[in-house]
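What follows draws every value from the coordinates through simple rules; no lab data is involved. These numbers come from a predicted model, not from an experiment. Here the Cβ is made from the backbone with ideal geometry for all residues, glycine too, and neighbour counts use every protein chain on show.
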Amino acid sequence: MSAPLTKRFSPWRVTVQGSDTSFEVRRNDLLLRSALAQGIAYPHNCRVGTCGRCKTRLVDGHVTPLVDFALSPLTHEELKQGYILACQAQVRSDLCIDVELDQRALPPQRTIASHVVGWRRLGGDVLDLRLRLDEPLMFSAGQYASIAPSGSFVRRSYSFYDAPPAADGPGADGVGFLIKRLPGGQLSEWLFAEDRRGCKIWLEGPFGQMGVDVEQDRDALCVAGGTGLAPILSIVADRLKRTTKAIFTIVFGVRGKADLFATDRLRQLQERAPGRVQVLPILSDEPASSSWQGRRGLVTEALTSELCSDYSQVDAFVCGRTPMVEAVESRLKDLGVAATRIHTDKFQPTGV
């Protein structure tokens, strides 16, 4: 005899071990997606299985991975201990999980209509895209959103470069993104094809938890590769509002001098807090014969004792392509930065 329909189609119950938190997940839905939709402050960032931020120990129950967890950031030892990635786990039964939920109240995720009001080409084949939102949006520093042109099924994620709105205010009525043109990238190629001011764009978010530390007076070392500069701009602008003491060092890596962009926004941060924001651009592929007088090499080569006398005393924020972020993360650990003080945002290009 088959099970009653109410039983076969009822949601699964997820219980968080050692807490009073539990929530329901529709059958075959993703664990992380369902938790976030219900306002659960679940640790996460990329949502595509590359950052490992949502790793969770499965105490009891069954899930089906969208991607093989053996090919994920989970270590062999973590896999043996029953860890999964919540963003890639389809729920197949009632679950008991072990995960440390964020105690901060995160802005709720929403879907909002917007229109393009700013469209400006920058160096390095980067676009400064500004949207006017039909409804105010709350977000935290370092978060990101997914955007899609009206009528299109193509959706991509980009980080806000704005400082977040005041917590006691109505929210932001406009947001900006730095978008790199990717050859063959469906959304970026469409955005770059012509001036898109006036176009309707759907925005969903905010997502991500860059882990802005509660110790606002702690100095920060920020390393950005390419458009990884966007969340760095947001984080530094936000922390400058919260502290009069902390010093911020921004290492900004691009290929060549012609690829530098958003230098006006970096200069504004420096002018806002004279002496407290140091910007160090570094070029990886600038011709030796050029007039460039600044640093050359990979961003990891800028991380020296001359840059920071005591790495153990800083927070680190690292944003960019996955290989760069992982190389910087390894270098920072070697220099004495505690793993808990390293907050990362790994970009994984899609649709190319």
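Tell me, rounded to the nearest percent, the portion of alpha carbon pairs in segment 151-202 spaced more than 13 Å apart.
Everything past 13 Å amounts to 69 percent.
Assuming 0.36 nm per residue, please report the length gained on full extension of the stretch residue 10 to residue 333 beyond their Cα-Cα distance.
Stretched out fully, the residue 10 to residue 333 stretch lengthens by 111.7 nm.
Could you list which residues have their amide H under 5 Å from that of residue 247, counting only those 5 or more apart in sequence or on another chain, with H placed in the peptide plane?
Long-range HN contacts for residue 247: 219, 220.
Could you tell me which Cys residues in the chain have no other cysteine's Cβ under 4.7 Å from their own Cβ, answering none if every one has a partner?
54, 87, 96, 199, 222, 308, 319
Using per-residue counts of other Cβ atoms within 10 Å, averaged over each peptide, order 308-316, 63-71 from highest down.
Taking the mean over residues of other Cβ atoms within 10 Å, the ranking is 308-316, 63-71.
Report, by chain and number, residues whose modeled amide H sits under 5 Å from the one on residue 127, excluding near sequence neighbours (fewer than 5 apart, same chain).
122, 179, 180, 181
Would you mind checking which residues have amide H under 5 Å from residue 343's amide H? H placed 1.01 Å from N; only 5 or more apart, or other chain.
Long-range HN contacts for residue 343: 316, 317, 318.
Given a Förster radius of 41 Å and the C-beta distance between residue 134 and residue 263 as r, what FRET efficiency does 1/(1 + (r/R0)^6) yield to the nearest 0.05?
Details: r = 32 Å, r/R0 = 0.77.
With a Förster radius of 41 Å, E is 0.85.
Can you run phi through the Karplus equation (6.51, -1.76, 1.60; θ = phi - 60°) for segment 109-123 and list ³J(HN,Hα) in whole Hz, with x for Gly and Pro?
7, 9, 10, 10, 7, 8, 9, 6, 10, x, 9, 9, 6, 10, x
Over all directions, what mean area does the Cα convex hull of segment 295-352 project, stated in square nanometres?
Averaging across all directions leaves 4.5 nm² for the Cα convex hull.
About its Cα centre, what dipole magnitude does the chain give when the only charges are +1 on Lys and Arg Cβ and -1 on Asp and Glu Cβ, stated in debye to the nearest 20?
720 debye
Over every pair of different alpha-carbon atoms in segment 105-254, take the mean of 1/r and invert it; report that Kirkwood radius in Å.
It works out to 16.0 Å.
Which of 226, 205, 185 ends up with the largest GNM mean-square fluctuation for the chain, with Cα atoms connected below 10 Å?
So, out of 226, 205, 185, the one fluctuating most is 185.
Below 8 Å between Cα atoms, with a sequence gap of 6+, how large is the relative contact order for the chain in percent? Walk me through the numbers before you get to the answer.
Working: 751 pairs, mean separation 49.5, N = 352.
It rounds to 14 percent for the chain.
Relative to the Cα centre, what is the charge dipole magnitude of segment 37-164, using +1 at the beta carbon of each Lys and Arg, -1 at the beta carbon of each Asp and Glu, and rounding to the nearest 20 debye?
Dipole size: approximately 440 debye.
Take the chain, connect every pair of alpha-carbon atoms lying under 10 Å apart with a spring to form a Gaussian network, then pick out the residue of 108, 287, 206 with the largest mean-square fluctuation.
Greatest mean-square fluctuation among the candidates belongs to 287.
Can you give the Kirkwood hydrodynamic radius for segment 220-347, in Å, rounded to one decimal and based on Cα pairs?
Working: mean 1/r = 0.0677 Å⁻¹.
Over segment 220-347, the inverse of the mean reciprocal pair distance is 14.8 Å.
My understanding is that a pair violates if its Cα-Cα distance is over 27 Å; which of 257/333; 200/257; 257/346; 245/346 do that in this structure?
As for pairs spanning more than 27 Å Cα to Cα, those are 257/333; 200/257; 245/346.
Can you work out ³J(HN,Hα) from phi for every residue in segment 320-325, in order, using Karplus 6.51 cos²θ - 1.76 cosθ + 1.60 and θ = phi - 60°, giving whole Hz and x for Gly and Pro?
Whole-Hz 3J(HN,Hα) from phi for segment 320-325: x, 4, 3, x, 5, 4.
Using 10 Å bins from zero, what percent of all Cα-Cα pairs in segment 25-108 falls into each bin?
Bins of 10 Å from zero give 19, 56, 24, 1 percent of pairs.
Assuming R0 = 56 Å, can you tell me the calculated FRET efficiency for the pair residue 28 and residue 312, based on Cβ-Cβ distance, to the nearest 0.05?
Numbers: r = 45 Å, r/R0 = 0.81.
E(calc), rounded to 0.05, equals 0.80.
Which value in Å does the Kirkwood hydrodynamic radius of segment 53-189 take, with 1/r averaged over all unlike C-alpha pairs and then inverted?
The Cα-based Kirkwood calculation yields 18.0 Å.
Among 186, 243, 293, whose Cα lies farthest out toward the positive end of the dipole of the chain, if unit charges sit on the beta carbon of Lys, Arg (+1) and Asp, Glu (-1)?
So the residue furthest toward the plus end is 186.
With the convex hull built on the Cα atoms of the chain, state its orientation-averaged projected area in nm².
So the mean shadow area of the Cα hull is 20.8 nm².
Which order results if 261, 207 are arranged by neighbouring Cβ count within 10 Å, fewest first?
Taking fewest neighbouring Cβ atoms as first place, the list is 207, 261.
Need the full-extension length gain, residue 68 to residue 154, defined as separation in residues times 0.36 nm minus the C-alpha distance. One decimal, nm.
28.5 nm is the gain from fully extending residue 68 to residue 154.
Among 203, 149, 164, flag the residue with its Cα farthest along the positive direction of the charge dipole of segment 110-207, charges on Cβ as +1 for Lys/Arg and -1 for Asp/Glu.
Going by the charge dipole, the pick is 149.
Over the chain, what is the percentage of antiparallel beta bridges among all DSSP beta bridges, to the nearest 5?
Beta bridges within the chain, antiparallel portion: roughly 60 percent.
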